[in-house]
1. Could you tell me whether the range 79-95 includes any residue that is more than 22 Å from the chain's Cα centre (by Cα), exposed (fewer than 10 other Cβ atoms within 10 Å of the Cβ) and not in a helix (DSSP H, G or I)?
2. Can you spot a residue in the range 53-61 that is free of Cβ contacts under 8 Å to residues at least 40 places away in the same chain, surrounded by 10 or more Cβ atoms within 10 Å (Cβ to Cβ) and in contact with a Pro (Cβ under 9 Å, 6 or more places away or on another chain)?
Amino acid sequence: MNVKERDELLIRIDERQQNILTLTMSQEKHLRTLNSKVASNVLNIDRNDKRLARVESFIESGIPYKIKLTKKQMMAGGGTVIPLTTMVLYGLGHLVGWW
């Protein structure tokens, strides 16, 4: 191998190494992006799992005692719903021409 061939070989090796370095750097950048997305997804899955566990425990245990209505409150609610429904039906009846 003469000097000219050796220099050409060295130039090609340098170019190949530069291309390998460029590709490696772009792959590392892409992997960093993917890793951040994976970490974000893991956090979202964990957060959703905790929310789902809370909803499931709420469904299993039913309505907490503090939110349950007493019989008086239910009677008062029924006492207001029935007259309101009656008034709405009476008003609709007037609009339609039933009364």
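What follows draws every value from the coordinates through simple rules; no lab data is involved. Predicted, not measured: the structure shown is a model, and the values here were computed from it. With ideal geometry, Cβ positions are generated from the backbone for all residues, glycine too; neighbour counts draw on all protein chains shown.
1. Within the range 79-95, not a single residue is more than 22 Å from the chain's Cα centre (by Cα), exposed (fewer than 10 other Cβ atoms within 10 Å of the Cβ) and not in a helix (DSSP H, G or I).
2. yes
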